[in-house]
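Student: The structure under discussion is supplied below as structure tokens; questions concerning it will follow.
The values are calculated or read from the model by the stated rules, or taken from the named source; none is laboratory data. Please read these numbers as outputs of a predicted model, since none were measured by experiment. Methodologically, a virtual Cβ is constructed for each residue, glycine included, from the backbone with ideal geometry; neighbour enumeration extends over all protein chains shown. Each accessible area value is taken on the protein alone, full model and side chains, heavy atoms only, with ligands, DNA and RNA left out. Shrake-Rupley method; radii C 1.70, N 1.55, O 1.52, S 1.80 Å.
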Amino acid sequence: MTLEQLILQAYALKQYQLAGGPGWLPTERFDLDAKSEGQPSREEMMAMLRTLLTDRFQLQTHREPVEQNIYAIVVAKGGA
């Protein structure tokens, strides 16, 4: 997977919600081989992935609100 895909999975983001990072983020591929004890839930696995990204890639994140255009499809005054 690319590092971008790993980040999107770990933080449950959509592509448009991720900004910044080096130019190779969407192209450079990595193989992950990890083991855990027991049967962790998906949320526990994503928490472990976030820790791995922080430890191995020194990933630093922050959230900020971004204004975007939103379009609404509504029924005209005269009906459909």
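Student: Within the stretch 24-37, restricting attention to residues that are assigned to a loop (DSSP other than H, G, I, E, B) and at pLDDT 90 or above, which residue is least open to solvent (accessible area, probe 1.4 Å)? First the steps, then the outcome.
Tutor: Filtering the stretch 24-37 for residues assigned to a loop (DSSP other than H, G, I, E, B) gives 24-28, 30-37.
With at pLDDT 90 or above added as a condition, the list becomes 24-28, 30-31.
Values: Trp24: 107, Leu25: 13, Pro26: 65, Thr27: 95, Glu28: 89, Phe30: 63, Asp31: 154 Å².
Per the criteria, the residue is Leu25.
Student: In addition: If you check Arg56, Arg42, Arg29, which single one turns out to be charged (D, E, K, R) and within 15 Å of the chain's Cα centre (by Cα)?
Tutor: Arg42
Student: Looking at the stretch 38-80 only, could you name the residues that are of a type in the set (A, V, I, L, M, F, W, C), out of contact with any Leu (no Cβ under 7 Å at 6 or more places or on another chain) and part of a loop (DSSP other than H, G, I, E, B)?
Tutor: The answer is Val66, Ile70, Ala72, Ile73, Val74, Val75, Ala76, Ala80.
Student: I need every pair where a residue in the stretch 1-23 that is open to solvent by 80 Å² or more (accessible area, probe 1.4 Å) has its Cβ under 9 Å from the Cβ of a residue that is of a type in the set (Ser, Thr, Tyr), sequence separation at least 6 or different chains.
Tutor: Final answer for the pair search is Gln17/Tyr11.
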